[in-house]
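So the structure is just underneath, and the comments pick up after that.
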Amino acid sequence: MATYLKNSIFLVVCFLLLISCNGVEQVYKKGQSHFEKGEYELAIQLLKPLAEKGYEPLMTNFLIAESYRLSNRIQFSAPFYQKSKLAGNSDKLISYRLAYAAKANGNYEEEKNQLQAFIASKPVKNIRTRAEIELEQLDEIAALANKKTPVEVENIEGNSSGAEFAPRILDGDLIISGTKKSEVYKNNGLPMVGLYRAKLKTPSAIASIDLFSNAVFQSNANEGTPAFSKDGTVMVFARGNTGKKDMSPDVDLYISRKENGQWSNPDYLGISDSLAWDGSPAFSADGKTLYFASNRRGGKGGLDLYRVNMDNSGRFGRAINMGAAINTAGDELFPFVSEDGKLYFSSNGHAGLGGLDLFVASRNGNEIEVEHLGQPINSISDDFGLILTDENHGYFSSNRAGGRGDDDIYYFTGKGIEDRWWSSEVLKDPEKQAEKIVRYYLKPQFVDMNGKGLPNVKYRIRKNGETLGTATSDKFGNVPTIDLAENDEIELLGEKDEYLTKRENFSMEGRAIPPILLKKEITDTTFTLAIAMDKPEVGKEITQLYQVNTIYYDLDKADIRPDAAEELDKIVLFLKDNEYVNIELGSHTDARASTGYNLKLSQRRAESAVNYIISKGIDAKRLKAKGYGESQLINECADGVNCSEEMHQQNRRTEFVITEIKTE
């Protein structure tokens, strides 16, 4: 009886332990699922108790640390990265992350140690370069930390325990972005952001806060960072990060117009890149130029600042990157342009105290000078969204210690702000100001698909839109070396019998060596460019070999998006260069909806792409539109499989294949 009783107790204990273990495992999987969906606050809440109990310490602590970093709270991540590392995590990036966590807490010596450890681990080149730049910039931090500016900074009355940021002045009121919606943003656990009108009783005190506009308000999305035209009748703002599976997780720009005293329903602004984050817009003082931040392809690193002109009819032109003097491998965002044309912005790529710091860029002759605004406007926390109300007063946002909530709005008063009272002694140091020169060159070569030089290729070179000349490559396919400047754009067009005509572009954008990394007075840098030429073949896909990417569609749509139009324009050029080639445009859908519906949807997509190309002057007889529905998925996202929106997006595509090669 006693033995039976002991065995029964043992079985009960084992059963309870099994239930407990299974329960812990389920909690872990649920936390992991929240992390994968970008619901970082929910992931932290579930995984922290598991980390305290020592469950799967390598991954549990790592996911918590990453959740803090990806929700802009890297200052809390360090202990969890360290515990993951102690548990055996050998990811080289941990030292890199720990460096920035140390910086966010003002521990510059620890940042230096972690950066040195990361560089010594021989990481991949692009992120190693970022670490090297940051390490070099640490020498400037002591001077920046001692740089005081004659301003008084005041946390304005009316900030809440949530977040208020990105102030703008409109009709004497403060228009702010605030976390005041009823729905919670699962990324950081705060309410979603909306636009609000704050009535001021004094410049540093809010009397009341009301919703800015019912027409603009969307309950399940973040909306903020408004920019207003000079006359106050046009507003551009950012909207996105809904977290819903059937909506884009990215941020895009929207436009609303004031008509009869009311703001119109917002329209998607065409300068947005639907595959990128576009936000924090600002108009120039004259209202003719819009500035914004984006991480679209072709930038310098993370978020870059762009500008786009607006004509008298309110139409926007092409977005232009602001260049290497302003944009870095880090993030630049929250631009503001003063009356005299100075550009204020936030960055974590220029030398700063920590997080986002505030800078001003101004032109001195042909040079653009970028200067740190010093303390107390800057701190070791995020400082951003500065505006001037006149030459001596303004507002900015910060999540610095001592605030009332997450992000707060601060009011500052100074004297001679526009007289550049913050000029840094560091920038005047003659040793640091010694001019260093880089001479850039491009060495092109035409090659076949095996990398062997192609002789006697007839080519044309264009630099910045102007033709430099035409000639023929030598017997090894070589083209004479081309001199380059920092902003040059080169196009080479090669023609050879029995080969497809090839058009290759080379841009200096993002290739210039950061001045801080220059060691010699004169540095020569030669870029090699192998231009691969292929023979025409039926069934061959027109791929990135011709600098053409697959185009994509929004859910249940056949419209040609702006990013798709750019790729179709390349197809137009390909067809004009190779007039004897016909192609098929094969379109696809994701697995959602019925097979029959998707087949019809894919056909509409193919026809939409074909019609776009025809509108550019290509003969319709050279094009075939073919819809394949959901029959050719390129990943596992079939019916019944739980996939992210990004994975479904991969299937909503059109591809380009050669179907006929006409002979004389």
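The values are calculated or read from the model by the stated rules, or taken from the named source; none is laboratory data. From a predicted model like this one, the values you see are computed outputs, not experimental measurements. Every residue, glycine as well, gets a Cβ built from its backbone with ideal geometry; the counts of neighbours run over all protein chains shown. Each accessible area value is taken on the protein alone, full model and side chains, heavy atoms only, with ligands, DNA and RNA left out. Shrake-Rupley method; radii C 1.70, N 1.55, O 1.52, S 1.80 Å.
Could you tell me the center-to-center distance, by alpha carbons, between the range 96-149 and the range 311-366 in angstrom?
The two parts, judged by their Cα centres, are 23 Å apart.
Of the cross-linked pairs Lys48/Lys300; Lys103/Lys148; Lys463/Lys496; Lys29/Lys557; Lys576/Lys626; Lys452/Lys621, which ones have a Cα-Cα span greater than 24 Å in the structure shown?
Lys48/Lys300; Lys29/Lys557; Lys452/Lys621
Could you give the alpha-carbon Rg of the range 86-147 over 2.2 N^0.38 Å, rounded to two decimals?
So the Cα radius of gyration is 1.15 times the expected 2.2 N^0.38 Å.
Starting with the highest mean, order 125-132, 467-474 by the number of other Cβ atoms within 10 Å, averaged over the residues of each peptide.
Output ranking for 125-132, 467-474: 125-132, 467-474.
Calculate the tail of P(r) for the chain: the fraction of all Cα-Cα distances greater than 42 Å, expressed in %.
For the chain, the fraction of Cα-Cα distances above 42 Å is 36 percent.
Give me the extension gain from Leu93 to Ile614: residue separation times 0.36 nm, minus the current Cα-Cα distance, reported in nm with one decimal.
Stretched fully, the Leu93-Ile614 segment lengthens by 182.7 nm.
Are any of the pairs Lys83/Lys122; Lys540/Lys616; Lys37/Lys258 more than 28 Å apart by Cα-Cα distance, and if so, which?
Exceeds cut-off: Lys37/Lys258.
With a 1.4 Å probe and all protein chains left in place, how much of the accessible area of the chain comes from carbon and sulfur atoms, in whole percent?
Looking at the chain in its full context, I get 50 percent from C and S.
Kindly rank 399-406, 189-196, 631-638 from highest to lowest mean number of other beta carbons found within 10 Å of each residue.
189-196, 399-406, 631-638
How many Å² of accessible area per residue for the chain, probe 1.4 Å?
Dividing the accessible area of the chain by its residue count gives 48 Å².
If you project the alpha carbons of the range 155-194 onto the principal axes, what extent comes out on each, in Å, largest first?
34, 19, 14
Checking the cross-link filter: which lysines have an alpha carbon closer than 17 Å to that of Lys520, excluding same-chain neighbours under 8 positions apart?
Cα-Cα hits under 17 Å: Lys432, Lys436.
Just tell me which aspartates and glutamates come within less than 16 Å, Cα to Cα, of Lys475; anything on the same chain fewer than 8 places away is out.
Partners found: Asp448, Glu495, Asp497.
For the range 260-387, what's the radius of gyration and Dmax over Cα atoms, in angstrom?
Just the Cα atoms of the range 260-387 yield Rg and Dmax of 15.1, 47 Å.
Could you give the Stokes-Einstein D for the range 600-664 in µm² per second, using the C-alpha Kirkwood radius, 20 °C, 1.002 mPa s?
Answer from the Stokes-Einstein relation: 155 µm²/s.
Using per-residue counts of other Cβ atoms within 10 Å, averaged over each peptide, order 338-347, 387-396 from highest down.
Per-residue mean Cβ counts within 10 Å order the peptides as 338-347, 387-396.
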